[in-house]
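Student: I am attaching a structure below and will ask some questions about it afterwards.
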Amino acid sequence: MIDLIERSQKKIPSYGLYVTMPDPQIIEMAKISGYDFARLDAEHAGFDQTTLSEMFRTARLLDFPLQIRLGSLENIDVILAMEPAAIMIPDIQSQEDALKLVERTKFAPLGCRGMYAFSDAIRYGGIDRKEYMANANDKIHTIVQIESKKGLENLNDILSVKGVDMVSSGKADLSQALGIPGQTTDPQVVEAERKIVKTAISKGIVPTLFAETPQRIRAFHEMGVYSIIVGFDCSLCLQALKDRLRICRESSAEN
């Protein structure tokens, strides 16, 4: 499986898909389409336990990095046992928040993640517990998401926590926190994201952001961002459906 951090460090772009549709076929389609990774948005979308298990199993069999964004640390051990490529927790506001996240997602000496002998990597990956323990901290990446004024103020302390691997912004919530709700292209939001990227790179942490346009992707590359989510499955599917119908109607009109 490709290592997104290693690719970013080598300045190799990795393009990902946010997944909100609870169906393993979306993971297959993302892989076949050439995406480098996907991230389940379990903060805003509902995924039951069976569906999550099937989606992570599909990703494992396809050797495809599947991350997940959770709304909280509740039941995180269940998710870790499914072997996500990364765990993202939103709205990290302080160094204490980051420490709690690392504590739950990393084994000692970085944290105290619960030890479990039947994770998917051990059961199906052909490795024993000792080997798994030696490599797990590097295989499951920990992502903090900065979405508030307090998070921006404490950014340096947050990204100084050993065990934080990647950082993301949350431009919609940042716009609200900055008093300009919904204005995600406002200079204040752009500058906040620039600060996040600059601080991350200075500390050797990989920034991973969302970009909806080619212009924004190019701007991120110029800033040193190479791990980029480029769309949501639901909106991309909806647009494809609209485009197909438009083409059919235009073709009928021409006849």
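Student: Consider segment 59-71. How many of its residues are in a loop (DSSP other than H, G, I, E, B), within 12 Å of Glu28 (Cα to Cα) and not aromatic (Phe, Trp, Tyr)?
Tutor: Qualifying residue count for the region: 3.
Student: Among the numbered criteria (1) at pLDDT 95 or above; (2) over 15 Å from the mean Cα position of the chain (by Cα), which single criterion is violated by Tyr18?
Tutor: (2)
A quick yes/no check of all residues on (1) buried (at least 16 other Cβ atoms within 10 Å of the Cβ); (2) assigned to a helix (DSSP H, G or I); (3) at pLDDT below 85:
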residue	(1), (2), (3)
Leu73	yes, no, no
Asp77	no, yes, no
Pro84	yes, no, no
Met88	yes, no, no
Asp97	yes, yes, no
Cys112	no, no, no
Ala117	no, no, yes
Arg123	no, yes, yes
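Student: Look at Phe56 and say whether it is in a helix (DSSP H, G or I), under 20 Å from the mean Cα position of the chain (by Cα) and either of a type in the set (Asp, Glu) or at pLDDT 90 or above (or both).
Tutor: Considered against the rule, which asks whether it is in a helix (DSSP H, G or I), under 20 Å from the mean Cα position of the chain (by Cα) and either of a type in the set (Asp, Glu) or at pLDDT 90 or above (or both), Phe56 comes out as yes.
Student: Another question, then. Scan (1) of a type in the set (Phe, Trp, Tyr); (2) surrounded by fewer than 20 Cβ atoms within 10 Å (Cβ to Cβ); (3) at pLDDT 95 or above for the single condition Phe47 breaks and write down its number.
Tutor: Looking at each condition in turn, Phe47 falls short on (3).
Student: Say we look at segment 205-255 and pick out the residues that are touching a residue at least 24 places away in the same chain (Cβ under 8 Å) and among the polar types (S, T, N, Q); which of these is surrounded by the most Cβ atoms within 10 Å (Cβ to Cβ)?
Tutor: Ranking the candidates gives Thr208 first.
Student: Something else about it: Any residue at all in segment 173-188 that's touching a residue at least 24 places away in the same chain (Cβ under 8 Å), buried (at least 17 other Cβ atoms within 10 Å of the Cβ) and among the small types (Gly, Ala, Ser)?
Tutor: Yes - at least one qualifying residue is present in segment 173-188.
Student: Another question, if that's okay. Only one of Arg7, Arg39 is in contact (Cβ under 8 Å) with a residue 40 or more places away in the chain, in a strand (DSSP E or B) and either surrounded by 21 or more Cβ atoms within 10 Å (Cβ to Cβ) or not polar (S, T, N, Q) (or both). Can you tell me which?
Tutor: Arg39
Student: Another question about this same structure. Please go through segment 216-255 and pick out each residue that is aromatic (Phe, Trp, Tyr), closer than 23 Å to Lys10 by Cα and not in a helix (DSSP H, G or I).
Tutor: Selection gives Tyr226 alone.
The values are calculated or read from the model by the stated rules, or taken from the named source; none is laboratory data. On a predicted model such as this, the values are computed, not experimentally measured, just so you know. A quick note on method: Cβ atoms are made from the backbone with ideal geometry, for glycine too, and the neighbour counts reach across all protein chains shown.
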